[in-house]
1. Out of the residues in the stretch 247-277 that are of a type in the set (Gly, Ala, Ser) and touching a helix residue (DSSP H, G or I) at 6+ places or on another chain (Cβ under 7 Å), which is surrounded by the fewest Cβ atoms within 10 Å (Cβ to Cβ)?
2. Identify, please: which residue in the stretch 175-187 is crowded, with 19+ Cβ neighbours inside 10 Å and not small (Gly, Ala, Ser) and is, among those, farthest from Asp110 (Cα to Cα)?
3. Could you check the stretch 1-110 for strands (runs of 3 or more DSSP E) lying wholly inside it with 3 or more residues that are surrounded by fewer than 20 Cβ atoms within 10 Å (Cβ to Cβ) and in the same structural domain as Pro201 (by TED's automatic domain parsing)?
4. Which condition number in (1) at pLDDT 95 or above; (2) surrounded by fewer than 24 Cβ atoms within 10 Å (Cβ to Cβ) is the one that Pro120 fails?
Amino acid sequence: MLTLWSHMHALPILIFPAYQPLPSLLGCVRALMGKYKIIVVDDGSTSPESQDIFKEIETLPSVIFLRHAVNMGKGAALKTVFNYTLLHFPKVPGVVTADADGQHTVEDIDRIAQALMQAPSQLILGTRHFSKNVPFRNYFGNKVTSFVCSYFVGRRVSDTQTGLRGIPLKMLPQCLQIDANRYDFELEMLLVAKNAIRAVPIATLYGNDASSSFHPILDSVRVYFVFLRFATSSLVTSALDFLVFSATMALTQRLFASFLCARVASIIFNFCVNKTLVFKSHDKPWHELAKYLLIATALLWYGYQSTGWLVQHWHWNVYVAKIFVESFIFALSFLAQSLWCFHRPYKK
């Protein structure tokens with residue numbers, strides 16, 4: 001028994017967040033419990049069928065059963081188990097999360113666990129191949145989030161919605177600091193991992209997709225809101241920058257002075273908003289401010305030179321040129337802040 005426990009202690013813990021699960025969850029847990037320690041968390045399920053499934057799960061050896069009194073969301077369920085793991089199993093290499101709706105095979109769950117053991121400092125994503133044969137909401141939603149997420153993560157992420165993930169133990173503390181509690185939690189997890197992501201191919205199963213608690217409209221809005229707040233911050237900053245620029249230009253008729261005043265105002269505003277509301281960084285501000293000022297200085301030079309060139313050589317209206325150049329600064333600034341300035345990589 002001690003040998004079995006020591007063996008399990010060296011393996012990742014399997015996590016099943018479950019809301020109104022299918023009977024297939026019971027079969028999956030039974031197939032894996034001889035090899036892995038398993039934690040199942042009931043996220044406030046109410047159906048009689050679910051309670052019958054959970055009653056059987058509670059009797060299984062090597063399975064820990066946790067429960068939410070009410071439905072709190074998948075992200076909240078995962079955070080409950082992450083916290084439990086850090087408190088009670090601080091020496092495991094990490095955890096493997098899997099959905100309770102029959103979308104993941106036993107073989108794929110084991111494959112992700114093995115991949116995590118081989119690369120214990122990387123976030124392992126069980127990546128599905130999205131053909132046009134899968135349900136439209138999954139195909140379309142994943143294509144959009146994949147495109148947007150890849151931009152902010154700095155590398156291609158082909159399956160942002162996968163629930164089958166291997167998560168290093170050292171990454172769990174930062175995951176607990178994510179504010180999101182529903183499906184957007186899994187998307188923000190990608191922003192925590194950034195470049196430390198490895199994709200492992202898995203089977204694409206949607207036979208039981210109707211039972212999924214993912215709501216295509218409501219949860220998609222929550223998912224895209226992660227990026228919407230990024231864009232909103234930059235747009236508001238751009239508007240402030242343009243207003244200060246216009247006012248200073250009207251008073252002084254000096255291009256550089258106008259650019260400088262506008263940039264100083266937008267730097268102060270954007271740094272405070274992005275640190276506290278967008279990236280929600282808890283790091284000391286001075287190190288981040290130094291990097292932010294380097295970015296801002298480079299973009300100030302780029303904006304001044306580009307706008308001046310358009311006005312002098314192409315005879316553009318100065319305000320039109322300013323807006324045109326700012327569209328490029330918008331993308332460059334966001335990318336630099338996300339990947340470098342406010343990037344908080346977990347300690348590997």
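1. Filtering the stretch 247-277 for residues that are of a type in the set (Gly, Ala, Ser) and touching a helix residue (DSSP H, G or I) at 6+ places or on another chain (Cβ under 7 Å), the one surrounded by the fewest Cβ atoms within 10 Å (Cβ to Cβ) comes out as Ala257.
2. Among those residues, the one meeting the criterion is Ile178.
3. 63-68
4. The one condition Pro120 does not meet is (1).
The values are calculated or read from the model by the stated rules, or taken from the named source; none is laboratory data. These numbers come from a predicted model, not from an experiment. Every residue, glycine as well, gets a Cβ built from its backbone with ideal geometry; the counts of neighbours run over all protein chains shown.
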